[in-house]
Amino acid sequence: MATSAPDSAPVYPQAPTGLRRPAIIAGGITLVVAVVSILVGHPLFAVFFLLGVAAILVNALLVKRAVDTVTAELNPRKTALALNSAMRLGAITVLALLAAFLVQPDGLGAMFGLAIGQVVLVLNTVIPVMKGLRSQP
């Protein structure tokens, strides 16, 4: 790992961008949620939960592709990336809210899936970066 000189900007560790580990973790959580929801008598909750988690993982993949596309341009603009993300997140949110309202109470699984999936993605990025920062002198 490179260390920075005292008068230079700090060197930050590389953040993981792969989706394999978050998908495995989210799959394990989804399996636990499926077992519990079936035992409680709400198997559709597990289906909506799975759809929410899948939506977050697909969104992360699309964000990665959008960032690659925007940064490959000669003069990259943040507005295109922001509009792309806002439209995608808006559509995902509307679909999850529709599921929550139209298929009560099991449709709430979509909202919980979105939330848990997002937490898994954020922790997958933050924990390795924090470990890298702590190991720097």
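The values are calculated or read from the model by the stated rules, or taken from the named source; none is laboratory data. Note that the structure is a prediction, hence the values are computed from the model and not measured. When we count neighbours, we look across all protein chains shown, and the Cβ atoms used for this are built from the backbone with ideal geometry, even at glycine. Keep in mind that these areas ignore ligands, DNA and RNA; they rest on the heavy atoms of the full protein, side chains included. Shrake-Rupley method; radii C 1.70, N 1.55, O 1.52, S 1.80 Å.
Please find, in a Gaussian network model of the chain (springs between Cα atoms separated by less than 10 Å), the residue of A115, A23, A82 whose mean-square fluctuation is greatest.
A82
Which one of A91, G132, T71 is farthest out on the positive end of the charge dipole of the range 17-137, using unit charges on Cβ (Lys, Arg +1; Asp, Glu -1) and the Cα centre as origin?
G132
For the chain, give the percent of accessible area contributed by carbon and sulfur heavy atoms, probe 1.4 Å, rounded to a whole number.
73
What area, in nm² and to one decimal, does the C-alpha convex hull of the chain cast on average over all directions?
Averaged projected hull area, Cα only: 10.7 nm².
Suppose every Lys and Arg Cβ carries +1 and every Asp and Glu Cβ carries -1, with no other charges. What dipole size does the chain come out with about its Cα centre, to the nearest 20 debye?
180
Per residue, what accessible area does the range 9-106 have, given a 1.4 Å probe and all protein chains present, in Å²?
69
Eigenvalues of the Cα gyration tensor times 5, then square-rooted: what semi-axes does that give for the range 77-137, in whole angstrom, largest first?
Value: 31, 20, 4 Å, ordered largest first.
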